[in-house]
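Step one of this worksheet: look at the structure below.
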Amino acid sequence: MADHIQLTVNGMQRDVTIEPGQPLLTVLRDSFALTGAKIACGEGQCGACTVLLDAQPVRACSIPIHAAIGKAIQTIEGLDEAGQLHPLQQAFLDHAALQCGYCTPGMIMSALGLLLQNARPARDEIIAAMQGNICRCGTYPRIIRAIEQAAGELRVQKEGAHHA
Ligand code: FES
Ligand code: FES
C-alpha cells in the first residue's frame, strides 16, 4: 500500500508518496526528477547512484526509502551555490576527469563524503574511499587529481571564511 512520507532533500522538506520497499534511488529519480544519481548495477556494486545521507555516502539503489526518513539527503543537484559550481564539480571539469560522465555524479558525491570527514586526504586515502565507485571509461588518475585539487580549494575557502 502506498505511504505518504516527508523527506529532506538538498535542504528542502518534500512530501512524497512511496511504495513499501521502494529504494531511495527511484524516489529521487521518479518522484523528484533528481536524475543525477544514476541507475547502473542496481545492487550496490558500482557507486553510480551515490548520494549523501547525513553526510555519509550511500548507494541509493540499495537503501530502502524508510531508512532515509529524518535524515539529510544530499544529491549532486544540491551542490552548486548561486550558480557557482562546487569545487569538486569545477575540479572534475578542470582535469577532464570524465569521458561518458555516467559515473561522475556518484564519484563526486563519494568524494564529497570523504572531504567532509577528511579535509586533507592522502592519495591512498582517496583511492581507498573511491574504491566502490566504478568508472567504465578508466578515468581514475584524473579523478584522483581532481579530488586533490578540490580538497586544496576547499581548505583555502575554509581558511578565508575563518579570517573574514
Ligand atoms: S546502481 Fe547503485 S551501486 Fe550500482
Ligand atoms: S566517465 Fe564513463 S564511466 Fe566514468
For the chain, diffusion coefficient by Stokes-Einstein and Kirkwood Rh (Cα), 37 °C, 0.692 mPa s, µm²/s: 202
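How large is the translational diffusion coefficient of the range 3-78 in µm² per second when you combine the Kirkwood radius over alpha carbon pairs with Stokes-Einstein at 20 °C and 1.002 mPa s?
D, rounded to a whole number, is 179 µm²/s.
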On Cα atoms only, tilt of 104-117 relative to the major axis of the chain in degrees: 70
If the convex hull is drawn through the Cα atoms of the range 87-163, its volume per residue in Å³: 75
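Quick note: the coordinates plus some simple rules give every number you see, no bench work behind them. It should be emphasised that the depicted structure is a prediction, and the values quoted were computed from it without experimental measurement.
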